[in-house]
Amino acid sequence: MSTDDNTDTSAVPEETDPTAVPEKRDNREALREKAQQVHAQQRRAGVLRRVLIGVGIVAVLAVVGTGVTLAWTSVGDKPQLAPANMEQDGVVVDAITSATAAAAPAEDPAAAAEASGDAAKPAPVEIRVYIDYLSAQSREFQQTNAAQLGEWVKQGAVTLSYHPVALLTAKSNGTKYSLRAANAGVCVATHSPTTFFSFNDALLTRQPDFDTDGFDNKTLADMAIASGAEDPKLMRGCIENGNYTSWVQAATARALSEPLPDAGGQKLTGTPTVLVDGKPYVGSVTDANEFAQFVLMLSSDAYYKATPSPVPTPTP
């Protein structure tokens with residue numbers, strides 16, 4: 001006798017989950033979409049990075065361009081002033097107003113060259129003196145020879161020029177006295193040339209000690225005005241503002257790096273450097289007679305070279 005409990009159920013197939021396959025497919029789709037999203041984000045990030053880099057470069061270039069523009073504008077606002085009454089970076093002395101030229105201890109070179117009795121006078125001897133206002137040897141040369149130099153200029157026997165340079169700028173406790181004093185000399189040469197010889201003599205003979213601060217700009221202006229400088233207000237402003245310091249630096253660089261004009265290729269190596277008709281004076285800076293003899297010798301040479309030899313008269 002059979003009952004329902006004994007029914008064979010082994011032949012009935014087991015049911016499967018109808019959502020199993022779609023779930024795996026959905027996972028793959030989700031991963032693919034996620035990957036695409038990540039790729040899109042990376043692509044957008046790369047584009048943004050390139051844009052930012054480009055903007056940064058443009059900003060840097062703009063800053064650099066602005067800096068260059070400002071630099072040129074600054075240079076253009078403050079041009080290097082060019083002094084007046086100068087020749088070959090030197091101050092030509094045409095007038096002597098200093099008491100140092102009152103005496104004439106040496107013979108007039110032009111008069112001595114005319115000892116033969118010829119009425120013609122030779123061309124003036126050219127004397128160029130390169131000085132540093134802190135150089136002790138420059139001071140000694142001026143103290144020794146100022147009187148006869150001034151007298152020769154008055155007689156028209158020589159043409160005299162002083163060339164201020166700043167070789168000892170670092171020897172004044174950081175005050176740059178050598179440069180400032182040269183600027184003061186150029187200010188006087190430009191605005192009151194007739195008083196330059198007197199002021200130049202004062203700068204050299206009242207020279208401060210080496211490795212000291214030296215005179216300040218106010219004192220330099222006072223000295224220039226005391227020497228008779230015209231227009232005290234203009235002179236004080238020129239000296240105290242350092243109007244020609246850049247020019248002095250450039251002139252010093254030229255003298256050190258380039259051959260001195262009409263001097264056979266010689267360059268400036270120290271101060272004083274004294275050239276007489278282009279020939280360097282190597283004698284004592286404290287012997288006025290020795291220097292006068294050197295000038296006389298060159299003056300005589302110039303005279304005899306310029307004077308034609310007499311032509312012999314034919315014998316009848």
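FYI, it's all coordinate maths here, none of it is from the lab. Just so you know, these numbers come straight off a predicted model, no measurement behind them. Ideal geometry is used to build each Cβ from the backbone, glycine not excepted, and the neighbour counts take in all protein chains shown.
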Fill in: the range 86-306: translational diffusion in µm²/s, Stokes-Einstein, Kirkwood Rh over Cα pairs, 10 °C, 1.306 mPa s
90 µm²/s
Worksheet, complete the sentence: Ordering 207-220, 147-160, 233-246, 253-266 by per-residue average of other C-beta atoms within 10 angstrom, highest first, gives 147-160, 233-246, 207-220, 253-266
Worksheet entry | Cα-based equivalent ellipsoid, the range 136-232: semi-axes from gyration tensor eigenvalues, Å | 23, 17, 11
Practice prompt. With θ set to phi - 60°, apply the Karplus curve 6.51 cos²θ - 1.76 cosθ + 1.60 along the range 135-145 and write out the HN-Hα couplings as whole Hz, x wherever there is a Gly or Pro.
Written response: 8, 5, 5, 5, 4, 5, 5, 5, 4, 7, 10
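Taking only pairs that are 8 or more places apart or on different chains, how many Lys pairs in the range 86-306 have Cα atoms under 20 angstrom apart?
Number of lysine pairs found: 7.
Note down the magnitude of the dipole of the range 186-283 about its Cα centre, charges +1 on Lys and Arg C-beta and -1 on Asp and Glu C-beta and zero elsewhere, to the nearest 20 debye. Please list the in-between numbers first.
Details: 7 positive and 12 negative charges, 38 e Å.
That gives the range 186-283 a dipole magnitude of about 180 debye.
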Item to complete: Taking H placed 1.01 Å from N in the peptide plane, check which residues at least 5 places from T273 or on another chain put their amide H under 5 Å from its amide H.
Response: Y130
Practice prompt. Using θ = phi - 60° and the Karplus relation 6.51 cos²θ - 1.76 cosθ + 1.60, list the HN-Hα couplings for the range 252-264 in order, rounded to whole Hz, with x at every Gly or Pro.
Written response: 5, 4, 5, 5, 7, 9, 10, x, 5, x, 6, 10, x
